[in-house]
Amino acid sequence: MRRIVGLSLMAAALSVVVSSCGNGVIDKSTDGVPPAEATGTLRVLIPSFPTSTKGREAFQKVVDDFHKTYPKMKVEPDFATYKNLNEKMSTSIAAGIPYDVMVTGVGWVQPFASKRIFEDLGKYGVTPDVIKDKSVAALIPAATYDNKLYAYPLVADARAVALRKSAFIEAGLDPNKPPTSLAELKVAAEKLTKRDSHGNITRSGFDLDSATSFRQSFTTFLASTGTPLYVGGEPNFNNKAGLDTLLWIKSMINNVQPYGQTNAAGTSLVLTGEAAMGIVKAAVDCSEDKGIGKKNCDDLKFFRFNSGKEIEYVGGDLASIGSRSRHKEAAWSFIQSLTKPASLDAIAKLNKKIPAYKDAANSPQAKSNPLSKFVADGLVYAVNENEVPSNWLEMRGNFDIQLTQAVLGQKDPAKVLNNLAGQSR
């Protein structure tokens, strides 16, 4: 229900985006005012800092750095999550109380930039060409619309694949020759799956990381065949590659992994031994006290999907200036503080992601654990949803629902893909 409400609010907000600002904003504009004299409140929507004590302390350091330039301005943070981010943005726009700085993810910039909700950062000297020397190449397309930069990359949220060496050896498989294509993965996963006397799966052969959504899994597996989800905003999945990929996912669920499988900690199942192989995020804690321990880490080997193209799925956090902000210059100054290496290192550590500055492979986070090092080195293989259509935020939800229906046999897979393609136009 929250998703539906959020989409409705966004539709309402976009219909009034070019209208007057409303009665909610009471601050006078500080643009053109010397930073040392500027007053008012900078509203920041930011899911990049958890609401924990450590998260708030790290955010305060960014604020303190911003205050070196804008000492009299207040900073009002809204520590949103990606579950309520769209709703918060849309509500603020409709109410006429826009955020000055908004942090979103891959696939968000184009829909909002096309409606003139985000400011072109070229006004502050940052263009797609300039950012190439400052940030990882993987996130630049996600921050670009109509050849202009509308967001500054903060951190990369990458995915890899992991296997349990001991499980492979037990199943008669060579852990030094991991399966990479979809066909090889299925054969290995079926051999690795364990069942009890009643046929119930007790250890999954492969964790598809799809407990809540098949959208990212489908995008990832499809990309490994060399087929991007979208090309130039047009659907590129209602074809043989798309259908074969969806049917492959369908053949895996309840065969090598129970539908909806997750654990209480919300961690990747292969890291806990609940799966012999599976998708993992961008970090693993190998410590003995709070992590999975050295023995567990030594039992892991990381690799990437390759069904014709070696790929690594990469999302991320991207910072934008609201086009209706009355403090655009201050907002840009805040983003400058937010994108300093120390700030990005803190965000990366807090969220187990990779800082999006140029030398990410040599960042403290990349050096802190073997998984982060692996995904940082693999950013050159980055893929995601690619050039999404302007209605992508609505399409995300459609994918989540309809792909699940196809995988569970409730709808014909080919018809689902054709339907989603039609809705994308």
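Tabulated results
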read-out	value
Summed side-chain charge close to Lys353 - residues other than Lys353 whose Cβ falls under 12 Å, Lys, Arg +1, Asp, Glu -1	+1
Cα centroid of the stretch 351-425 to Cα centroid of the stretch 158-191, whole Å	22 Å
Label-point separation in nm, Asn176 to Ala264, each point 7 Å along Cα→Cβ	4.0 nm
Cβ-derived FRET efficiency at R0 35 Å, Asn147 paired with Asn239, nearest 0.05	0.80
Distance between the stretch 85-144 and the stretch 196-262 - C-alpha centres, whole angstrom	30 Å
Over the chain, volume per residue of the alpha carbon convex hull, in Å³	141 Å³
Added length on full extension, which subtracts the Cα-Cα distance from 0.36 nm per residue, Lys294 to Lys123	56.7 nm
Percent of beta bridges antiparallel (DSSP, the chain, rounded to nearest 5)	70 percent
Debye log10 I(q)/I(0) for the stretch 238-326, one point scatterer per Cα, at q = 0.17 Å⁻¹	-0.95
Sites Ala183 and His67, calculated FRET efficiency, Cβ-Cβ separation with R0 41 Å, nearest 0.05	0.15
Radius, Kirkwood style, for the stretch 361-407 when every pair of distinct Cα atoms is counted (Å)	13.4 Å
Sites Ser287 and Thr41, calculated FRET efficiency, Cβ-Cβ separation with R0 35 Å, nearest 0.05	0.30
Nitroxide proxy distance, nm - points 7 Å out along Cα→Cβ at Thr81 and Gln405	2.7 nm
Sum of -39500 (n - 2.57) over DSSP H runs of 4+, divided by residues of the chain (222 nm, nearest 500)	-10500 deg cm²/dmol
Selected from His327, His67, His198 as most flexible by GNM, with the chain as the system and alpha-carbon contacts under 10 Å	His198
Set Lys294/Lys358; Lys132/Lys281; Lys148/Lys309; Lys83/Lys415; Lys54/Lys294; Lys165/Lys295 screened for pairs whose C-alpha atoms are more than 19 Å apart	Lys294/Lys358; Lys132/Lys281; Lys148/Lys309; Lys83/Lys415; Lys54/Lys294
For the chain, built as a Gaussian network whose Cα springs stay under 10 Å, the top-fluctuating residue of Ile201, Ile117, Ile311	Ile201
Descending semi-axes in Å of the stretch 97-204, equivalent ellipsoid built from Cα gyration tensor	46, 17, 11
Those aspartates and glutamates that a straight Cα-Cα span of less than 19 Å connects to Lys68, excepting residues fewer than 8 apart in one chain	Asp31, Glu37, Glu57, Glu76, Asp100, Glu329
Spin-label model distance (nm) - Gln60 vs Thr212, 7 Å beyond Cα toward Cβ	2.9 nm
Gaussian network model of the chain, Cα within-10 Å springs - most flexible of Val388, Val375, Val63	Val63
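Read-outs throughout are calculated quantities, based only on the coordinates presented, and are distinct from any laboratory measurement. Please read these numbers as outputs of a predicted model, since none were measured by experiment. Quick reminder, even Gly has a Cβ in these numbers, built from the backbone with ideal geometry, and neighbours come from all protein chains shown.
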